[in-house]
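The values are calculated or read from the model by the stated rules, or taken from the named source; none is laboratory data. On a predicted model such as this, the values are computed, not experimentally measured, just so you know. Glycine also receives a Cβ, built like all others from the backbone with ideal geometry; neighbour counts cover every protein chain displayed. We work out accessible area using only protein heavy atoms, side chains counted, and drop any ligands, DNA or RNA first. Shrake-Rupley method; radii C 1.70, N 1.55, O 1.52, S 1.80 Å.
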Amino acid sequence: MSRILVAGIGNIFKGDDGFGVAVAQLLADRKLPPDIRVVDFGIRGLDLAYALLDGYDAAVLVDAVQRGAAPGTIQVIEPAPPDAGEPPETALSPHAMDPQSVLRLAALLGDPCRRILLVGCEPESFGDEEFGTMALSAAVAAAVGEAADTVERLARGLTREIEQEIA
C-alpha cells in the first residue's frame, strides 16, 4: 500500500501565510483513505523535513506561494528536485523554512519521498509587519475549499499511480 503525506505549512499569525494550515484543518475533517495522512506542520519546517524521510511514497505540500497571480489563485507546482549538496540557507532557523528550504534539507539528510507536489495559493497580505494578523484575506479564505478539493484529488491520484507502478 502506498503512503501519501499531506503537509499544511504556514504561520497563522501572518495573515495569508496561514493558508496551508487552514487547508490541512479542512482536510482533517474529511474521510480519507488510511494511506493518506494529513498533518498541520505550521512553522515546523524541521519536523516536515524529517517527515519527508519517513518512508512516504509521495507528499503534497500546501502553502501560500507568491508567483504574481491574482490573490486566491490556486496553483499545482512540481518543485524541481533539490541539489542534495546545497544546504538550505535557513538550516539554523527551523521556524523560517520555506518549502524549497525544507526540500533541500530533506535531501541533505537522506532520501526523501520520490514524488512531491506543492499546492500553492497566491497570497494577498501577510498582515502588519510588526503585529501580523490572524485572519486570511477574503480572496485566500475563499480558495481554501477549492485547494482542499485539489489536494484530495491529487493525493488519491498519487495513490493510484504508485499502486499501478508497484503492480
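In the set (1) touching a residue at least 12 places away in the same chain (Cβ under 8 Å); (2) surrounded by fewer than 24 Cβ atoms within 10 Å (Cβ to Cβ); (3) at negative phi; (4) not polar (S, T, N, Q), the condition left unmet by Lys31 is number (1). In the range 11-62, of all residues being within 12 Å of the chain's Cα centre (by Cα) and aromatic (Phe, Trp, Tyr), the one that is farthest from Glu129 (Cα to Cα) corresponds to Phe41. Taken together, the residues in the range 15-28 that are touching a residue at least 60 places away in the same chain (Cβ under 8 Å) and either among the acidic types (Asp, Glu) or open to solvent by 60 Å² or more (accessible area, probe 1.4 Å) (or both) amount to 3.
No other residue among Ile12, Ile43 is open to solvent by 40 Å² or more (accessible area, probe 1.4 Å) and touching a Gly at 6+ places or on another chain (Cβ under 6 Å) apart from Ile12.
Please indicate, with yes or no, whether at least one residue in the range 140-151 is within 15 Å of Ala64 (Cβ to Cβ) and touching a Ser or Thr at 6+ places or on another chain (Cβ under 7 Å). No; the residues of the range 140-151 include none that is within 15 Å of Ala64 (Cβ to Cβ) and touching a Ser or Thr at 6+ places or on another chain (Cβ under 7 Å). Among the residues here, Ser137 does not qualify as open to solvent by 40 Å² or more (accessible area, probe 1.4 Å) and hydroxyl-bearing (Ser, Thr, Tyr).
Condition first: in contact (Cβ under 8 Å) with a residue 60 or more places away in the chain and within 17 Å of Val102 (Cβ to Cβ). Now tell me which residues in the range 34-48 satisfy that. Spell out the reasoning first.
Looking only at the range 34-48, we keep the residues that are in contact (Cβ under 8 Å) with a residue 60 or more places away in the chain, and these are 35-36, 45.
Listed by number, the list holds a single entry, Gly45.
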